[in-house]
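What follows is a short report on a single structure.
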Amino acid sequence: MSTATTPTAAEAELAVQARQAEARSEGYWAGVWKRVRRDPVTIVCGGMLLLMLLAIVFAPLIAPHDPYQGSMIRRLKPIGTPNYLLGTDELGRDILTRLLFGGRLSWFMGIAPVAIAFVIGTTLGVIAGFVGGRVNMAIMRTTDVFYAFPSVLLAVAISGALGAGIFNAILALTLVFIPQIIRVAESVTQGCATSTSSTRHGPRAPRASPSCGCMCWATCWGRSSSMRPR
């Protein structure tokens with residue numbers, strides 16, 4: 001009798017411990033935050049980016065001069081000139097003020113193409129990796145067509161065909177970034193679906209998992225934010 005009941009009691013104890021450990025376990029983003037806090041370089045760089053973001057957002061309030069007002073009398077002032085911390089340009093405009101206002105367009109041109117490509121590329125990549133079959137074949141073969149051209153040359157060609165303008169430049173960069181994100185999202189989704197199917201569901205089709213979704217989106221965003229032209 002004792003031999004028959006001992007394994008059952010042990011299994012019950014292990015189940016209780018497993019539930020307690022799962023309740024105490026941290027979520028995906030909590031683990032990411034813990035790793036970030038342990039990296040001083042990341043904290044310093046993040047602080048600098050936050051300061052830059054606040055500076056360009058509140059540029060009208062903290063800018064000392066009008067970014068468009070010039071004066072030939074004040075042209076080419078050196079750094080450290082009173083009331084002109086970074087000096088003036090050849091038209092007498094305050095350089096610090098123009099940096100604050102110009103940073104808005106620079107940040108927009110840097111973030112907008114990546115954000116748009118992230119949304120479109122991740123969506124198509126997840127669909128291709130999860131659905132598979134002909135859908136996967138159509139999306140990935142179209143992606144391979146874009147990979148046949150160097151990204152810089154492709155961006156220049158698209159921008160030249162569309163013409164000058166901020167919108168056309170954003171569109172050209174977005175089209176260049178999308179194939180790279182599709183490739184990453186499709187790979188991560190297939191790997192996550194395979195592991196979920198083999199460990200949790202056996203021969204059944206895999207179901208969506210919150211941790212899998214967090215990992216997929218975080219991986220795609222990390223890759224997209226660090227992309228460089230080929």
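Only the coordinates and a few stated rules stand behind these numbers; no lab work does. In this text, all values refer to a predicted model and were calculated from it rather than measured experimentally. Quick reminder, even Gly has a Cβ in these numbers, built from the backbone with ideal geometry, and neighbours come from all protein chains shown.
Would you mind calculating the gained length between THR123 and MET48 on full extension (0.36 nm times residue separation, minus the Cα-Cα distance), in nm to one decimal?
Length difference between fully extended and current span is 23.9 nm.
How about segment 49-152: which chymotrypsin sites (Phe, Trp or Tyr not before Pro) there lie in a loop by DSSP and see at most 12 other Cβ atoms within 10 Å?
PHE58, TYR68
Can you tell which of GLY103, ILE120, ILE166 lies farthest toward the positive end of the dipole of segment 84-170, using +1 and -1 charges on the Cβ of basic and acidic side chains (Lys, Arg; Asp, Glu)?
ILE120
Scan around THR81 for amide H atoms under 5 Å from its own, H built in the peptide plane at 1.01 Å from N, and keep only partners 5 or more places away or cross-chain.
So THR81 has HN proximity to GLY87.
So, with +1 on the Cβ of K and R and -1 on the Cβ of D and E, and no other charges, what is the size of the charge dipole of segment 53-171 about its Cα centre, to the nearest 20 debye?
The dipole of segment 53-171 has a size of about 20 debye.
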